[in-house]
Amino acid sequence: MMTFVFGSLLAASYGFVPLFTLIFCVLGVVIYAWFFVQLIEIYSLFFIYENSLAMEKDITSFTTINRSRQLFKGVRRFVVKKIILAVCATIPLTILTLLL
């Protein structure tokens, strides 16, 4: 919505309403996608810490988070791609359940 408002204000000055609106909408989607991927990369560091915390005795949460980070050191991009794929696969089902 904000991109539409800024695009309309700039376009009114120059007379290119559709062009500026399209540019700002595409820019907004790109920025949103970039932030989404960055959040998933941060989340991937803490992806598997629950298993060792639940299975072992006398272990702290700090130790399990460090183990999780060490496990995903080489395969972090692969895990991020799988999380994004899972989110993209469930978006249509989420939209469908909201509509019904």
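Any read-out appearing in this document is the output of simple, stated calculations on the displayed coordinates, not a laboratory observation. What you are looking at is a predicted structure, and each value in this text was computed from that prediction instead of being measured. Reconstructed Cβ throughout: ideal geometry from the backbone, glycine too, with neighbour counts over all protein chains shown.
Here the spin labels are modelled as points 7 Å beyond Cα on the Cα-Cβ line, and at residue 19 and residue 84 they lie 3.1 nm apart. Length gained on full extension, residue 93 to residue 59, computed as 0.36 nm times the residue gap minus the Cα-Cα distance: 8.4 nm.
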